[in-house]
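Shown next, in structure tokens, is the structure this report addresses.
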Amino acid sequence: MRCFVALWPDDAARERLAAVACDQRRRFPRARAMRAENLHLTLAFIGELDAARAAKVAAALESLPFERFEWMLDAVGAFERARVLWAAGPDCAPLAALAQRVRELLDRFEVGYDRKPFVAHVTLLRDLARADARRATAPIAPPVLWRADRPQLLQSVQREGCLRYERFTPPIPEGADFGADQTLPNRPLTTRGG
């Protein structure tokens with residue numbers, strides 16, 4: 001499965017970012033808007049990862065030291081080569097430090113990831129024409145306030161013909177018995193023999 005470590009926006013930030021994406025799509029109608037439920041901030045792109053290793057990474061992320069912080073996204077811009085339009089804001093020391101801690105965690109687990117330097121951004125549009133990318137920079141007014149929550153391991157899945165990003169949930173071992181409380185948060189994170 002294709003995985004990455006990311007931050008989800010809180011509901012208010014997701015709603016505002018979706019509105020910004022809609023506004024930008026009017027500027028660039030040939031581009032493809034990200035689905036609102038897929039908006040995220042990637043801290044480390046992993047790529048293919050098997051379920052057993054993903055379970056270990058997800059569990060480690062749950063215990064990663066983390067303090068909530070806020071990040072202001074005040075502009076849109078573009079990566080011309082990647083043909084994406086993004087939203088971003090001023091450098092945020094807690095965000096950069098979190099990305100570094102996530103990457104160090106992946107190194108400890110010997111999980112490969114894209115080693116490009118971390119550039120904090122949220123992709124809003126894809127398939128942006130290169131000519132449009134050169135004129136994409138614009139302010140976001142008022143800025144979007146993002147209240148950061150704990151990083152999560154996300155996976156790309158196809159559902160109903162659409163690509164969706166979802167939190168990785170370890171599989172339930174076949175025939176497993178976890179006692180009276182069978183709720184998702186209370187089940188073990190590893191499979192038998194793992």
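The values are calculated or read from the model by the stated rules, or taken from the named source; none is laboratory data. This is a predicted model, so every value here is computed, not measured. When we count neighbours, we look across all protein chains shown, and the Cβ atoms used for this are built from the backbone with ideal geometry, even at glycine. In case anyone asks, the SASA skips ligands and DNA or RNA and just uses the protein heavy atoms, side chains included. Shrake-Rupley method; radii C 1.70, N 1.55, O 1.52, S 1.80 Å.
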Problem set entry | Qualifying residue in segment 73-92 (condition: closer than 30 Å to P170 by Cβ and outside any loop (DSSP other than H, G, I, E, B)) | no
Seminar exercise, completed: Checked segment 46-75 for anything touching a helix residue (DSSP H, G or I) at 6+ places or on another chain (Cβ under 8 Å) and buried (at least 19 other Cβ atoms within 10 Å of the Cβ); matches are I46, L49, V57, L61, W71, L73
Seminar exercise, completed: The condition from (1) open to solvent by less than 60 Å² (accessible area, probe 1.4 Å); (2) modelled with pLDDT of 95 or more; (3) closer than 17 Å to A120 by Cβ that A31 misses is numbered (3)
For this session: Those residues that are within 24 Å of R150 (Cα to Cα), of a type outside the set (V, I, T) and assigned to a strand (DSSP E or B), I need them from segment 1-54; list them, please.
Result: R2, C3, F4, A6, L7, L41, L43, A44, F45, G47, E48
Problem set entry | L125 vs. criteria in contact with a strand residue (DSSP E or B) (Cβ under 8 Å, 6 or more places away or on another chain) and outside any loop (DSSP other than H, G, I, E, B) | yes
Exercise. Can you find a residue in segment 76-85 that is surrounded by 15 or more Cβ atoms within 10 Å (Cβ to Cβ) and on the phi > 0 side of the Ramachandran plot?
Worked result: yes
